[in-house]
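Participant: Encoded as structure tokens, here's the structure I'll be asking about.
The values are calculated or read from the model by the stated rules, or taken from the named source; none is laboratory data. Since the structure is predicted, the reported quantities are computational estimates derived from the model, not experimental observations. Cβ: placed from backbone, ideal geometry, glycine included. Neighbour counts: every protein chain shown. Quick note on the areas: whole protein, heavy atoms, side chains included, nothing else; ligands and nucleic acids left out. Shrake-Rupley method; radii C 1.70, N 1.55, O 1.52, S 1.80 Å.
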Amino acid sequence: MAYAPQIIFIIIFGVTVFYVTKRIREIRKNILLGREVELTGSRSERFKTMVLFALGQKKMFHKPLPAILHLFVYIGFIVINIEMIEIILDGFFGTHRVFATGLGNVYPFFINVFELLAVSVIIGCVIFLIRRNILGLRRFKGEEMRRWPTLDANLILTAEILLMLAFLTMNSTDVVLQQRGAEHYVQTGSFFFSGLLVDFFTNFSNATLIAIERFAWWFHIIGIFAFSMYIFYDSKHLHIFFAFPNTWYSKLTPTGKFSNMPEVTKEVKLMLGVPEEAPAESTEEAPPGRFGAKDVQDLTWKNILDAYSCTECGRCTASCPANMTGKKLSPRKIMMDTRDRAEEIGRNIKTKGTDKANEGAALLDGYITSEELMACTTCQACVEACPVNIDPLDIIMQLRRYKAMEESSTPAAWNAMFSNVETNFAPWKFAPSDRFKWAEKIKNN
Ligand code: SF4
Ligand code: SF4
């Protein structure tokens, strides 16, 4: 029975790795439902963008206090997990603080840094819980945030607090057991933050302390494993990982530049008589499958990666003029809907072998309504605001393009503008020959 804890640990570790890997494969398949996209920028530009926006969280610093708190929570959570290496080795080999002997005096230094970050994570998470639930910031509200998304955010923040408290409790009881020379507890020296709790534990018996220390150790490790499974299975916290690939693949064209459909560009240039686009040998190109996007498969894989990277922070929605003026549009909802629809298609393919079984269901009209799409002013404020360079506008434009070009169901005022562009080469109703009449009037005066 001496090996029972090791066997249990290895089973839990194996189950976690199995399910996390399985889920990563599913998400990858869902992202690859999208069509190809042409990447922009060099590798060095993309690397710089990733370091600035994912690691440095550049856009968050428009508001320094929440940015600093978020940075502490983020870095703290990542760095503390380095300690997981030791915990996993201890779990596998039945050792206790396997690095303590080898690292000597450096070991307490590392643990003190981890503890400082653990305390920062606790402070940050408590403040975030207060902001969400007591101060009730506007950007945390909205139709799409009802029920699960709000509960999800609260669960994650609470879990992070509990995991950090378990880490401090484990260290604190360990130090008391070391001071008493308990068997198996190697001498490491004292730790600052958990040391503040030592007085609380001094009257406990060795047996009780060992039980608390072991409970905190198992709680911490099982909590981290459960947390990993949770964030991959049903949580917005995937952004912890996806922020990096998402910023790496950021669109690096000038702000506001739209991606045109080459087929349409060619047609327009032909119509305008641009000579280099005249049909020569290249008339055999296959026609586009569809103009614009009706469903997730018509979007690009980068659009779907965007959806999986969304943290649901609401900065886009809070800066959206349409949303501010009471329209139904919320760019955050656009991203959440895209992710939900990709998940639905993935599930259908997994269980029924095809999404065709779900005939009629689509991102457009099934999840996102025309009213939402038509409310967009294309101002780019959502793109500017997103801390991980997500582009909700690109999805909106592709869906709108479908409505305009495949369904011809745009508002009447837009249709008048479209015919003007077609006949007058401009959105106005005047013929090109009349365009400078206003100048003649000035000349004659
Ligand atoms: S581009 Fe559209 S969705 Fe984005 S902020 Fe402007 S109006 Fe809102
Ligand atoms: S799209 Fe960006 S800004 Fe909007 S909710 Fe998602 S992460 Fe936040």
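Participant: If the requirement is being of a type in the set (A, V, I, L, M, F, W, C) and over 18 Å from the mean Cα position of the chain (by Cα), which of these qualifies: VAL20, VAL15, VAL51?
Facilitator: Numbers: VAL20 fails: over 18 Å from the mean Cα position of the chain (by Cα); VAL51 fails: over 18 Å from the mean Cα position of the chain (by Cα).
Result: VAL15 is the single residue among VAL20, VAL15, VAL51 that is of a type in the set (A, V, I, L, M, F, W, C) and over 18 Å from the mean Cα position of the chain (by Cα).
Participant: Out of everything in the range 401-429 that is charged (D, E, K, R) and open to solvent by 30 Å² or more (accessible area, probe 1.4 Å), what residue ends up being farthest from the chain's Cα centre (by Cα)?
Facilitator: Our first condition is that a residue be charged (D, E, K, R); within the range 401-429, this holds for 401, 403, 406-407, 422, 429.
Next, only the ones that are open to solvent by 30 Å² or more (accessible area, probe 1.4 Å) stay: 401, 406-407, 422, 429.
Numbers: ARG401: 26, GLU406: 31, GLU407: 32, GLU422: 40, LYS429: 44 Å.
For the range 401-429, the residue satisfying everything is LYS429.
Participant: Name the residue that is farthest from ASP394 (Cα to Cα), counting only residues in the range 1-39 that are open to solvent by 40 Å² or more (accessible area, probe 1.4 Å) and of a type in the set (Ser, Thr, Tyr).
Facilitator: Here the residue is TYR3.
Participant: Within the range 367-400, how many residues are open to solvent by 30 Å² or more (accessible area, probe 1.4 Å), touching a residue at least 40 places away in the same chain (Cβ under 8 Å) and more than 14 Å from ligand 2 (Cβ to nearest atom)?
Facilitator: So the count comes out to 5.
Participant: Need the failing condition index for LYS328 against (1) in a loop (DSSP other than H, G, I, E, B); (2) of a type in the set (D, E, K, R); (3) away from ligand 1 (no atom under 15 Å from the Cβ), just the number.
Facilitator: Exception for LYS328: condition (3).
Participant: Residue by residue through the range 288-314, note down the ones that are within 11 Å of ligand 2 (Cβ to nearest atom) and not hydrophobic (A, V, I, L, M, F, W, C).
Facilitator: Taking the range 288-314 and keeping what is within 11 Å of ligand 2 (Cβ to nearest atom), we get 306-314.
ASP306, TYR308, SER309, THR311, GLU312, GLY314, listed by residue number.
Participant: Just to be sure before I move on: is ARG97 touching a residue at least 60 places away in the same chain (Cβ under 8 Å) and basic (Lys, Arg) in the structure I sent?
Facilitator: Numbers: touching a residue at least 60 places away in the same chain (Cβ under 8 Å): yes; basic (Lys, Arg): yes.
For ARG97, the condition - touching a residue at least 60 places away in the same chain (Cβ under 8 Å) and basic (Lys, Arg) - is met.
Participant: Residue check: is LEU65 within 30 Å of ARG131 (Cα to Cα), open to solvent by less than 40 Å² (accessible area, probe 1.4 Å) and either touching a strand residue (DSSP E or B) at 6+ places or on another chain (Cβ under 8 Å) or not in a loop (DSSP other than H, G, I, E, B) (or both)?
Facilitator: Values: within 30 Å of ARG131 (Cα to Cα): yes; open to solvent by less than 40 Å² (accessible area, probe 1.4 Å): no; either touching a strand residue (DSSP E or B) at 6+ places or on another chain (Cβ under 8 Å) or not in a loop (DSSP other than H, G, I, E, B) (or both): yes.
Criteria not met by LEU65.
Participant: Within the range 366-379, is there a residue that is in contact with an Asp or Glu (Cβ under 7 Å, 6 or more places away or on another chain), within 16 Å of ligand 1 (Cβ to nearest atom) and aromatic (Phe, Trp, Tyr)?
Facilitator: Step one: of the range 366-379, the residues in contact with an Asp or Glu (Cβ under 7 Å, 6 or more places away or on another chain) are 367-368.
Then drop every residue that is not within 16 Å of ligand 1 (Cβ to nearest atom), which leaves 367-368.
This time we only want the ones that are aromatic (Phe, Trp, Tyr), so: 367.
Scanning the range 366-379 turns up at least one residue that is in contact with an Asp or Glu (Cβ under 7 Å, 6 or more places away or on another chain), within 16 Å of ligand 1 (Cβ to nearest atom) and aromatic (Phe, Trp, Tyr).
Participant: Being within 13 Å of ligand 2 (Cβ to nearest atom), within 22 Å of the chain's Cα centre (by Cα) and assigned to a helix (DSSP H, G or I) narrows it down to one of ARG339, ARG347, so name that one. Spell out the reasoning first.
Facilitator: On the way: ARG347 fails: within 13 Å of ligand 2 (Cβ to nearest atom).
Going through ARG339, ARG347 in turn, just one is within 13 Å of ligand 2 (Cβ to nearest atom), within 22 Å of the chain's Cα centre (by Cα) and assigned to a helix (DSSP H, G or I): ARG339.
Participant: Something else about it: Which residues, taken from the range 301-316, are open to solvent by 10 Å² or more (accessible area, probe 1.4 Å) and either within 13 Å of ligand 1 (Cβ to nearest atom) or of a type in the set (Ser, Thr, Tyr) (or both)?
Facilitator: Once the filter is applied, which keeps residues that are open to solvent by 10 Å² or more (accessible area, probe 1.4 Å) and either within 13 Å of ligand 1 (Cβ to nearest atom) or of a type in the set (Ser, Thr, Tyr) (or both), the range 301-316 yields THR311, ARG315, CYS316.
Participant: Shifting gears a bit: Every residue in the range 423-438 that is free of Cβ contacts under 8 Å to residues at least 60 places away in the same chain and under 22 Å from GLU267 (Cβ atoms), please.
Facilitator: Within the range 423-438, THR423, ASN424, ALA426, PRO427, TRP428, ALA431, PRO432 meet the criteria.
Participant: Okay, moving on. Give THR169, THR150, THR173 a once-over and let me know the one that is open to solvent by 40 Å² or more (accessible area, probe 1.4 Å), among the polar types (S, T, N, Q) and either at negative phi or in contact with a Phe, Trp or Tyr (Cβ under 8 Å, 6 or more places away or on another chain) (or both). Can you show your working first?
Facilitator: Working: THR169 fails: open to solvent by 40 Å² or more (accessible area, probe 1.4 Å); THR173 fails: open to solvent by 40 Å² or more (accessible area, probe 1.4 Å).
Every option except THR150 fails the conditions.
Participant: Is it true that some residue in the range 322-329 is within 27 Å of ARG28 (Cα to Cα) and open to solvent by 20 Å² or more (accessible area, probe 1.4 Å)?
Facilitator: Pass one, the range 322-329, residues within 27 Å of ARG28 (Cα to Cα): none.
No, that holds for no residue.
Participant: Quick check on this structure: which one of LEU39, LEU33 is farther than 30 Å from ALA153 by Cβ and not in a helix (DSSP H, G or I)? Let's see the steps before the verdict.
Facilitator: Working: LEU33 fails: farther than 30 Å from ALA153 by Cβ.
Unique residue meeting the criteria: LEU39.
Participant: Among the listed residues ILE161, ILE240, ILE231, which satisfies the condition of being open to solvent by less than 50 Å² (accessible area, probe 1.4 Å), in a helix (DSSP H, G or I) and touching a Cys at 6+ places or on another chain (Cβ under 7 Å)? If you could, list the steps in order and put the result at the bottom.
Facilitator: Working: ILE240 fails: touching a Cys at 6+ places or on another chain (Cβ under 7 Å); ILE231 fails: touching a Cys at 6+ places or on another chain (Cβ under 7 Å).
Of ILE161, ILE240, ILE231, the one residue that is open to solvent by less than 50 Å² (accessible area, probe 1.4 Å), in a helix (DSSP H, G or I) and touching a Cys at 6+ places or on another chain (Cβ under 7 Å) is ILE161.
Participant: Output yes when any residue across the range 348-363 is basic (Lys, Arg) and buried (at least 21 other Cβ atoms within 10 Å of the Cβ), and no when none is. Talk me through it step by step, then tell me what you get.
Facilitator: Within the range 348-363, the subset basic (Lys, Arg) is 350, 352, 356.
The next check asks that each one be buried (at least 21 other Cβ atoms within 10 Å of the Cβ); those that pass are none.
No, there is no match, as no residue in the range 348-363 is basic (Lys, Arg) and buried (at least 21 other Cβ atoms within 10 Å of the Cβ).
Participant: Open to solvent by less than 30 Å² (accessible area, probe 1.4 Å), assigned to a helix (DSSP H, G or I) and among the β-branched types (Val, Ile, Thr) - does that describe any residue in the range 106-113?
Facilitator: Going through the range 106-113, the residues open to solvent by less than 30 Å² (accessible area, probe 1.4 Å) turn out to be 107-108, 111.
Now restrict to residues that are assigned to a helix (DSSP H, G or I): 107-108, 111.
Restricting the remaining residues to those that are among the β-branched types (Val, Ile, Thr) gives 111.
Among the residues of the range 106-113, at least one is open to solvent by less than 30 Å² (accessible area, probe 1.4 Å), assigned to a helix (DSSP H, G or I) and among the β-branched types (Val, Ile, Thr), which makes the answer yes.
Participant: Still on this structure, please answer the following. May I ask you to verify whether LEU65 is without any contact (Cβ under 8 Å) to a residue 12 or more places away in the chain and farther than 29 Å from ARG214 by Cβ? Lay out the reasoning, then the answer.
Facilitator: Numbers: without any contact (Cβ under 8 Å) to a residue 12 or more places away in the chain: yes; farther than 29 Å from ARG214 by Cβ: yes.
Judged against the criteria, LEU65 is a match.
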